[in-house]
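A quick write-up on the structure given underneath.
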Amino acid sequence: NVTYTDVAFGANVDCIADAHDLPFIDQSFDACIAVAVLEHVVDPYRCVQEVCRVLRPDGFVYAETPFMQPVHMGAHDFTRFSYLGHRRLFRNFNEVRSGIAGGAGTSAAQLLRYALSATSSRPTLIKWLNLFGLLCTYPLRWLDYLSHANISAYNSASAFYFFGSLRVEPITDRELLTFFRGT
């Protein structure tokens, strides 16, 4: 069974919920998936604590969160995480797998597209500039495939993913430093 939550009604939404205070009993889920969510909450650390609360022992979490991306969803866009910052966010989990969800090419394409649309303040022109930018910068995304195996790609990734299982004690900040990836 899957329970899909969101802050508003939409396709397949089973429950309207605020991730800061999930309306579920303790240890009621085997897994939680949060894709493009944690940058849109005021307190992502509290939301992850809520995930910990509702997961059964050894429950799983999967999350994708941006690092080098322009603002999206306007006033509802709050936070970015480096790889190490993302790992700290999920310090209550053992890592099963983690890494880059969108690489340097995606970062460059998004930045150039938004820079192009920033040259106007007229909404219609912004839409056209955005479309033009999307078409022109799409080839930059191929850099993701060329650089994905390089450790330096962590310095300019568009987003990171984390897949882990709930642990009894959180990793310490000293332990966290051993997880650094990048140059």
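At a glance:
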read-out	value
The one condition in (1) touching a residue at least 24 places away in the same chain (Cβ under 8 Å); (2) open to solvent by less than 50 Å² (accessible area, probe 1.4 Å); (3) in a helix (DSSP H, G or I) that Tyr138 fails to fulfil	(2)
Total residues in the range 48-57, condition touching a Leu at 6+ places or on another chain (Cβ under 6 Å) and either among the aliphatic types (A, V, I, L, M) or open to solvent by 80 Å² or more (accessible area, probe 1.4 Å) (or both)	3
Subset of the range 1-22 [open to solvent by 50 Å² or more (accessible area, probe 1.4 Å), under 14 Å from Gln49 (Cα atoms) and touching a Cys at 6+ places or on another chain (Cβ under 7 Å)]	none
Unmet requirement for Arg53, which otherwise passes all of (1) modelled with pLDDT of 90 or more; (2) under 19 Å from the mean Cα position of the chain (by Cα); (3) assigned to a helix (DSSP H, G or I)	(2)
Residues that are under 30 Å from Asp30 (Cα atoms), assigned to a helix (DSSP H, G or I), open to solvent by 80 Å² or more (accessible area, probe 1.4 Å) and hydrophobic (A, V, I, L, M, F, W, C), drawn from the range 141-183	Leu177
Subset of the range 60-73 (residues that are open to solvent by less than 50 Å² (accessible area, probe 1.4 Å) and over 11 Å from the mean Cα position of the chain (by Cα))	Val61, Pro70, His72
Where a residue in the range 123-135 is under 11 Å from Arg113 (Cβ atoms) and its partner, wherever it lies, is of a type in the set (A, V, I, L, M, F, W, C) and in a helix (DSSP H, G or I), with Cβ under 9 Å and at least six apart	Leu129/Leu116; Asn130/Leu116; Phe132/Leu116; Gly133/Ala109; Gly133/Leu112; Gly133/Ala115; Gly133/Leu116; Leu134/Ala109
Candidate set: the range 112-122, residues that are in contact (Cβ under 8 Å) with a residue 24 or more places away in the chain and surrounded by fewer than 19 Cβ atoms within 10 Å (Cβ to Cβ); chosen: the one farthest from Arg141 (Cα to Cα)	Tyr114
Enumeration of residues in the range 24-34 that are over 17 Å from the mean Cα position of the chain (by Cα) and either among the charged types (D, E, K, R) or open to solvent by 80 Å² or more (accessible area, probe 1.4 Å) (or both)	Ile25, Asp26, Gln27, Asp30
Failed item in (1) open to solvent by 50 Å² or more (accessible area, probe 1.4 Å); (2) aromatic (Phe, Trp, Tyr); (3) assigned to a loop (DSSP other than H, G, I, E, B); (4) in contact (Cβ under 8 Å) with a residue 24 or more places away in the chain, with Tyr45 passing the rest	(3)
Lone qualifier among Ala34, Ala75, Ala63 - being of a type in the set (Gly, Ala, Ser), outside any loop (DSSP other than H, G, I, E, B) and either under 28 Å from Thr183 (Cβ atoms) or touching a Lys or Arg at 6+ places or on another chain (Cβ under 8 Å) (or both)	Ala63
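Yes/no matrix, rows are residues, columns are (1) in a loop (DSSP other than H, G, I, E, B); (2) in contact with a Cys (Cβ under 9 Å, 6 or more places away or on another chain); (3) surrounded by 15 or more Cβ atoms within 10 Å (Cβ to Cβ):
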site	(1), (2), (3)
Phe81	yes, no, yes
Asn94	no, no, no
Ile100	no, no, yes
Gly105	no, no, yes
Gln110	no, no, yes
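The values are calculated or read from the model by the stated rules, or taken from the named source; none is laboratory data. Fair warning: this is a prediction, and the values are worked out from it, not measured in the lab. Note that each Cβ is placed from the backbone with ideal geometry, even for glycine, and that neighbours are counted across all protein chains shown. To get the accessible areas, we keep the full protein, side chains included, count just its heavy atoms, and leave off ligands, DNA and RNA. Shrake-Rupley method; radii C 1.70, N 1.55, O 1.52, S 1.80 Å.
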